Structure formats: structure tokens, C-alpha cells
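Let me begin by presenting the structure, written as C-alpha cells, before commenting on it.
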Amino acid sequence: MPKIKDIISAMEEVAPKRAALEWDNPGLMTGDPETEVKKAVVALDVEDEVITEAINLGANLIITHHPLIFSPVKAVTPKTRAGRLLLRLIENRIAVFSAHTNLDVSPIGTNAYLAELLELENTEFLMPSQDGIYAMGRVGSLKQKMKTEDFAEFVKNKLNLSNMVYIKSGDYVSKIGLCTGHGCDREFLLAAKAKGCDGYVTGDVSYHEAQEARHLGISLFDGTHYGTEAIVAPNVVNYLKSKFPGLDIQATKTNCQTHQII
């Protein structure tokens, strides 16, 4: 039975902490690295529903993409979201380990997996990579060009979304850029334009970012922050099972999508 520190070491091999952005806070949020992992759950976030799921499963480790702790915690009380969740975790002896932007740039991470899910070919990094291994975003070509609205439907189905918001800048798309989560700042859109993209998949698209994309002639597809990143959980599960064949680990069955459309 691996210990938490063994899980961390395995994740360091594909998503090293040094690859995280400087503002980020990946790593062990709570728990003892020497503890043996009885069962683990992989999720996008630590939420009450995920903690309840872990308790019901008898899991003592939750692996998340988004860190529960970003800024210094001055008090652990039920008065704050982080405090309330931390109290539940500690009371139930559940450890939390997070891999965030270091997983975004990982070969098994959010961007690499979204490119695979969308069946992109001849993929490359969207943003420049200093070491040739870790970089944000992906660019790739569709097997054949698609009508913009058909590609929107394709993305919606691949991400299992009930609705799809998209911004049409042309009738067809053939070369797609992407960055999971919130990845449509101007520098990302300019990088996509420079690489010849006519389509771009991300989440959290704002009105002004949509305007910028149309100005650049890029159709935008908003797969939501949750939709473009929660997909990575099964990939992490498969990787850790390959490292620890006897590990009892599963992706969360809890849907914590915040956006509902009626």
C-alpha cells in the first residue's frame, strides 16, 4: 500500500512542482506524507460533496486540480469556505494533494488530454516552452475542417455539456488552439492567431475576450472552466494505477459544475 509521499513522488514525475506558475500553490494541502493510502478520490475541487463521497468510500486521500489553499489561512473556522472544508478534512483524517498549473502543462494534464479528447492531430504547445517539456495550451489540426456550429456541437458532446456557448468568427474551423480553465487572455489569443488557429477552446469567456477573438478572426468555444478541466480526473487515475497497480483510486462521481443554464 503506497504512502501519500509515494503518490506525491509519482505526480512529481509528470507534473513537477517547479513547473507551476509562481503565484500557484500546488502540493500537499493537509495530511501526513507518511500515511498509507487506503483509498483515493480524484476531483477538480475540494467541495463538501466530494468530501462526503470520500467519507462514504472510506478514502483518506483526495487529489485535486485546484488547490484548496491559495492565500495564507489566518484562522481555521467555519466562518470561511476554506476553514469549513479544512475542518471536515481534518476531523475525518482525509489528506488533500493538489496539482494545478503544473498539471495544466503536464503530458498527462488538462491541456494534453483536452487535445486528445478533441482528436487533434500534429499537436504542439500554444505558448513557448523553455525546456521543451512543460508549456501551457495546445494547438492542433482537425482531421478535416468542420462547420463552426458542428464543431461547437462536437465540443459540447465531448465535454458532456448540456449547452454550448460559442462565438462565430467564420463559417469553418480547421486548426484549433486551446487552453483549459480560463485561458483566453489576449496573449493566448494572439499566440493562437500567430499559429494560424481559426478556432479556440477554453472556458470563462468574457464579453471583451469574445470581441477580441472576433477581431482576430478566431471562433471561440466556451467549454466552461469546470468542463475543460474536470475531464483530467480519469487520466490521473489511470496514470497512478499504472504506477501503483494495487492502489484503490477512482475519479469522483460528483458533478460540481457551478454553471447551470435553463
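The values are calculated or read from the model by the stated rules, or taken from the named source; none is laboratory data. Just so we're clear, the structure is a prediction, and the values are computed from it rather than from any experiment. So basically every Cβ, Gly included, is an ideal-geometry build from the backbone, and we count neighbours across all protein chains shown. These area figures cover heavy atoms from the full protein model, side chains too; ligands, DNA and RNA do not enter into them. Shrake-Rupley method; radii C 1.70, N 1.55, O 1.52, S 1.80 Å.
Out of the total accessible area of segment 5-67 (probe 1.4 Å, heavy atoms of protein only), what percent is carbon and sulfur?
Of all accessible area on segment 5-67, carbon and sulfur atoms account for 46 percent.
If the cut-off is 23 Å between C-alpha atoms, which lysines fall inside it for LYS5, apart from same-chain ones fewer than 8 positions away?
LYS17, LYS38, LYS39, LYS241, LYS243
At 1.002 mPa s and 20 °C, plugging the Kirkwood radius over alpha-carbon pairs of segment 1-73 into Stokes-Einstein gives what diffusion coefficient in µm²/s? The partial results should precede the final answer.
Details: Rh = 13.1 Å.
Rounded, D is 163 µm²/s.
Probe 1.4 Å, all protein chains in place: accessible area of GLU212 in Å², nearest 10?
40 Å²
Quick one: accessible area per residue over the chain, 1.4 Å probe, rounded to a whole number of Å²?
Values: 12710 Å² over 262 residues.
With the other protein chains kept in place, the chain gives 49 Å² per residue.
Starting from the exponent 0.38 and prefactor 2.2 Å, build the expected Rg for segment 118-262 from its residue count and divide its actual Cα Rg by it.
1.10
I need the shape label for segment 186-262. Rule: rounded when a/c is under 1.5, else prolate if a/b > b/c, else oblate, with a, b, c from the alpha carbon gyration tensor.
Oblate shape, in that a/c is at least 1.5 and b/c is the bigger or equal ratio.
What number of lysine-lysine pairs in segment 55-173 show an alpha-carbon separation below 21 angstrom, given a sequence spacing of 8 or more or placement on distinct chains?
11
If R0 is 41 Å, what FRET efficiency do you get for ASN25 and GLU153 from their C-beta distance, rounded to 0.05?
Here the calculated transfer efficiency is 0.65.
Would you mind getting me the FRET efficiency between ARG84 and LEU57? Use the beta-carbon distance for r and R0 = 25 Å, nearest 0.05.
0.75
Quick query: amide H of THR35 versus all other amide H atoms, modeled in the peptide plane; which residues come in under 5 Å with a sequence gap of 5 or more or a different chain?
ILE4, LYS5
Distances longer than 16 Å among the Cα atoms of segment 69-118: what percent of all pairs is that?
Working: 703 of 1225 pairs.
Distances greater than 16 Å cover 57 percent of the Cα pairs.
Summing -39500 (n - 2.57) over the DSSP H runs of n ≥ 4 in the chain and dividing by its residue number, what mean residue ellipticity at 222 nm do you reach, to the nearest 500 deg cm²/dmol?
After summing the helix terms and dividing by residue count, I get -9500 deg cm²/dmol.
Pairs of alpha-carbon atoms within less than 8 angstrom and 6+ residues apart define the contacts here; what relative contact order does the chain have, in percent?
Here the relative contact order equals 19 percent.
Using 13 Å as the cut-off for backbone N distance, which residues of segment 212-255 belong to the label zone defined by a point 7 Å from the Cα of ASN160 along Cα→Cβ?
The answer is 227-235, 251-255.
Give me the extension gain from ASP248 to ASP204: residue separation times 0.36 nm, minus the current Cα-Cα distance, reported in nm with one decimal.
Taking ASP248 through ASP204 to full extension adds about 12.5 nm, to one decimal.
Quantify how much of the Cα-Cα distance distribution of segment 97-189 extends past 23 Å, in percent.
24 percent
Considering all projection directions equally, how large on average is the shadow of the alpha-carbon convex hull of the chain, in square nanometres?
In nm², the orientation-averaged hull projection of the chain is 14.5.
Using alpha-carbon pairs under 8 Å, 6+ residues apart, how would you state the relative contact order of segment 26-105 in percent?
For segment 26-105, the relative contact order is 42 percent.
Equivalent ellipsoid semi-axes for segment 138-194, as square roots of 5 times the alpha carbon gyration tensor eigenvalues: give them largest first, rounded to whole Å.
Here the semi-axes work out to 18, 15, 11 Å.
With +1 on each Lys and Arg Cβ and -1 on each Asp and Glu Cβ, how big is the dipole of segment 110-262 about its Cα centre, in debye rounded to the nearest 20?
Approximately 220 debye in magnitude.
Roughly speaking, to the nearest percent, how much of segment 121-256's 1.4 Å accessible area is carbon and sulfur?
Here it works out to 46 percent.
Roughly how many nanometres apart are two label points built 7 Å out from the Cα toward the Cβ at GLN144 and LYS241?
3.4 nm
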